[in-house]
Amino acid sequence: MNLSVIGTGYVGLVTGACFAKLGHHVTCVDIDKEKIRKINSSVSPIFEEGLDSLLLTYKDKIAATDDYSSALQKSDITFICVGTPSLKNGNIDLTFIKESTKQIAAVLKNKNSYHLVVVKSTVLPGTTQEVVLPLLEKYSGKKIGDDIGLAMNPEFLKEGVAIKDFLDPDRIVIGSYDEKSKTTLREVYQNFSCPLLETSLAAAEMIKYASNAFLATKISFINEIGNLCKKLGIDTYDVATGIGLDKRIGRPFLDSGIGWGGSCFPKDVDALIAWAKEIKEHIRIIDSTKAVNTEQPLRLVEILKKYIPTLKGKTIGVLGLSFKPNTDDIRDSRAIPIIDELLRNGARIKAYDPQAMNNFKALYPTIDYCSTASEVLSSDAILITTKWKEFTTLDYRGKVIIDGRRIEQAKNAKIYEGVCW
Ligand code: NAD
């Protein structure tokens with residue numbers, strides 16, 4: 001099939017490259033010319049395992065452009081994968097969704113054949129029907145359901161294992177406006193073997209928010225259990241194994257630590273809270289999930305102060321800046337509130353991350369960045385903030401280590417303490 005993908009970020013580019021691998025012809029559209037140039041040179045603008053190789057192997061099947069018209073004229077289905085960040089009040093910012101929808105509609109105005117528009121970005125329930133649909137109709141002058149189809153197909157991939165997740169998902173959700181949109185999108189996914197769930201537009205949107213809120217809650221829950229376990233001298237990881245063996249619970253997302261971050265959980269939890277407030281529904285569990293996550297990283301600094309009460313003038317090492325391993329994404333990384341707190345206390349920071357230092361430099365240009373993880377170890381004390389595999393091979397002997405991510409090898413340190421253990 002001929003597909004177009006709007007937005008070439010973590011979701012859009014992985015979607016485009018994976019569809020190319022599956023035999024489709026894909027045109028990616030972005031407003032960022034540097035990203036377009038890189039994709040057309042088969043170089044991924046983001047760090048995601050396997051993406052460079054997919055772009056190179058399937059270079060005849062994928063191209064990028066900033067021209068909506070050529071991309072949409074060449075394709076029958078368009079996936080909207082632009083960002084949906086948070087506004088200051090936590091609400092979802094639909095600027096990119098609205099802008100890309102208007103541009104799609106302007107091209108479809110002059111297109112004679114049927115075209116399906118699929119919202120893949122995470123948007124609050126009601127957005128596809130109440131925001132995307134009217135804009136498509138207004139700027140194309142056409143009726144949705146006749147010449148233009150509309151569907152909502154949330155994405156569940158995880159950065160770091162995004163290609164595997166896309167190609168081998170747990171489920172595919174297709175929310176559709178009408179029968180033709182549903183059958184057209186179903187065809188795109190016909191060779192996937194996972195369950196395919198067909199729903200309304202709003203149910204598809206809600207499934208994405210409910211999934212992320214649940215996973216964030218699972219982490220905040222185990223962090224609270226971890227905080228309790230630490231006080232009682234119980235190993236929270238044994239507890240996680242014990243409860244995780246229960247099939248109703250499951251072991252994933254039960255690693256106690258300094259909390260969740262990234263491009264999705266924080267903004268999706270915030271959007272759900274803000275939306276619930278708007279519709280006058282008090283969602284207590286999700287409110288608490290966020291509150292636990294705000295406090296959890298700061299516990300690492302509290303523990304550090306047990307060993308170094310006055311941080312002013314001390315050099316504190318920070319191992320890990322990405323929000324999780326195997327990505328260069330630093331959005332809402334737990335390293336951010338920790339570094340803010342250290343700086344507020346007058347500490348000097350020496351940081352290292354295998355992939356995320358360039359992104360971090362844009363936010364914190366003045367802290368010291370080390371070219372190796374070992375260099376960080378010369379600090380007065382070291383905080384472990386991301387579970388990169390590389391950190392398991394360091395020689396921690398003689399060091400003061402406060403661990404937020406449970407690196408077993410760090411237990412060889414002179415002083416070792418974990419956030420929940
Ligand atoms: P991103 O910020 O990495 O990428 C968005 C891209 O859209 C950027 O390249 C930007 O230049 C481009 N863009 C913005 N406006 C545009 C326009 N008018 N026309 C064309 N391109 C435009 O975002 P992301 O992380 O890929 O997330 C995209 C969506 O997918 C979000 O709604 C997010 O919540 C959701 N999602 C993300 C993940 C994830 O792990 N990152 C997982 C599942 C779902």
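A quick yes/no check of all residues on (1) part of a loop (DSSP other than H, G, I, E, B); (2) open to solvent by 50 Å² or more (accessible area, probe 1.4 Å); (3) among the hydrophobic types (A, V, I, L, M, F, W, C); (4) over 30 Å from Lys290 (Cα atoms):
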site: Tyr139; (1), (2), (3), (4): no, yes, no, yes
site: Asp146; (1), (2), (3), (4): yes, yes, no, yes
site: Glu155; (1), (2), (3), (4): yes, no, no, no
site: Glu159; (1), (2), (3), (4): yes, no, no, no
site: Lys164; (1), (2), (3), (4): no, yes, no, no
site: Glu198; (1), (2), (3), (4): no, yes, no, yes
site: Lys208; (1), (2), (3), (4): no, no, no, no
In the stretch 8-27, anything outside any helix (DSSP H, G or I), touching a helix residue (DSSP H, G or I) at 6+ places or on another chain (Cβ under 7 Å) and near the ligand (Cβ under 9 Å from one of its atoms) is listed as Thr8
* With respect to Ile286, determine if the residue is open to solvent by 80 Å² or more (accessible area, probe 1.4 Å), among the hydrophobic types (A, V, I, L, M, F, W, C), over 20 Å from Lys230 (Cβ atoms) and not assigned by TED's automatic domain parsing to the domain that holds Asp329. => no
Subset of the stretch 36-73, residues more than 30 Å from Ser193 (Cβ to Cβ), within 15 Å of the ligand (Cβ to nearest atom) and not acidic (Asp, Glu), comes to Ile36, Arg37, Lys38, Asn40, Val43, Pro45, Thr65, Tyr68, Ser69, Ser70, Leu72
Residues of the stretch 10-30 being under 13 Å from Cys81 (Cβ atoms) and either of a type in the set (D, E, K, R) or surrounded by fewer than 20 Cβ atoms within 10 Å (Cβ to Cβ) (or both), in sequence order, are Asp30
Every listed condition ((1) charged (D, E, K, R); (2) within 15 Å of the ligand (Cβ to nearest atom); (3) within 20 Å of Lys158 (Cα to Cα)) holds for Lys33 save (3)
Within the stretch 169-195, the count of residues that are hydroxyl-bearing (Ser, Thr, Tyr), over 16 Å from Gln129 (Cβ atoms) and part of a helix (DSSP H, G or I) comes to 2
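The values are calculated or read from the model by the stated rules, or taken from the named source; none is laboratory data. In this text, all values refer to a predicted model and were calculated from it rather than measured experimentally. Neighbour counts run over all protein chains shown; Cβ positions are idealised from the backbone, glycine included. Heavy atoms of the whole protein, side chains included, go into the accessibility calculation; ligands, DNA and RNA do not. Shrake-Rupley method; radii C 1.70, N 1.55, O 1.52, S 1.80 Å.
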